[in-house]
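Colleague: My structure is below; once you've seen it, I'll send some questions.
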Amino acid sequence: MKEKIGIVSDHGGFELKSKLIEYLQIKYDVQDQGVFNETSVDYPVVVGSACKKLLSGEFSNLIALCGTGIGASIAANRFKGIRAALCHDEFTAEMSKKHNNANVLVLGGRILAKDLAIRIIEKWLATSFEGGRHERRTKQLDALS
Ligand code: RB5
């Protein structure tokens, strides 16, 4: 059975999201949470809606995109239980899982080329949380809100 992953973008991330889905759907059960065209939308609304689905257990990993990735990561991190990491390279993607147990990977649709974005996603999905002292710290994150 294919691993289920959610993906969401605003209009600024739509083009890259579409390219990523073409590739990702070969290996994963990709749950596309929109948007479905380049009409301007508000990233807090679309990203917030996908984050609620992640928190309700519809998927265990979510990829979120906006133009820079900044708005999407700020929005996602408003939710208790969300650990969203804006990553521009494979190393930060790897560490965001190992140390931060990031459950949302945020990408800048107007920043990343498709091939690098795919490498970042693959690294993130293939990496596991190390737990231990990092578990204590992620619990402390939830205690902040
Ligand atoms: C939309 O133009 C753009 O502001 C949005 O995609 C994102 O980059 C916000 O942080």
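Rule-based calculations on the coordinates, nothing more; no lab input. In this text the structure is predicted, and so the values were computed from the model without any measurement. Here the Cβ positions follow ideal geometry from the backbone for every residue, glycine too, while neighbour counts run over all protein chains shown.
Colleague: Eigenvalues of the Cα gyration tensor times 5, then square-rooted: what semi-axes does that give for the chain, in whole angstrom, largest first?
Modeller: For the chain, the ellipsoid semi-axes come out as 22, 17, 14 Å.
Colleague: To continue, here is another question. Can you list the trypsin sites (Lys or Arg not before Pro) in the stretch 1-65 that are in a DSSP coil and have 15 or fewer other beta carbons within 10 angstrom?
Modeller: LYS2
Colleague: If the chain between GLU130 and GLU58 were fully stretched, how many nm would it gain, using 0.36 nm times the residue separation less the Cα-Cα distance?
Modeller: Using 0.36 nm per residue and subtracting the Cα-Cα distance, I get 23.6 nm.
Colleague: Continuing with this model, one more query. Using 0.36 nm per residue, how much length does the chain from THR39 to ASP89 gain when fully extended, once their Cα-Cα distance is taken away?
Modeller: This chain segment gains 15.2 nm when fully extended.
Colleague: I'd like the FRET efficiency for ARG110 and ARG78, computed as 1/(1 + (r/R0)^6) with the beta carbon distance as r and R0 of 30 Å, rounded to 0.05.
Modeller: Calculated value: 0.85.
Colleague: Still on this structure, please answer the following. Need one number: nm distance between label points at LYS139 and ILE70, each 7 Å from Cα along Cα→Cβ, rounded to one decimal.
Modeller: Taking the simple label geometry, LYS139 and ILE70 are separated by 3.5 nm.
Colleague: Right, something else. Dipole size in debye (nearest 20) for the chain around its Cα centre, Lys and Arg Cβ +1, Asp and Glu Cβ -1?
Modeller: Here the size comes out at about 520 debye.
Colleague: Choose one of GLN140, LEU62, ALA85: the residue whose Cα lies farthest towards the positive end of the charge dipole of the stretch 32-142 (beta-carbon charges +1 Lys, Arg; -1 Asp, Glu; about the Cα centre).
Modeller: GLN140
Colleague: So who's got an amide H within less than 5 Å of the one on VAL106, skipping anything under 5 residues away but keeping other chains? H placed 1.01 Å off N, in plane.
Modeller: HN-HN under 5 Å from VAL106: ALA64, ALA85, LEU86, CYS87.
Colleague: Going through the stretch 111-145, which GluC sites (Glu not before Pro) have at most 16 other Cβ atoms within 10 Å and a DSSP loop state?
Modeller: Taking the stretch 111-145 and a limit of 16 other Cβ atoms within 10 Å, the loop GluC sites (Glu not before Pro) found are GLU130.
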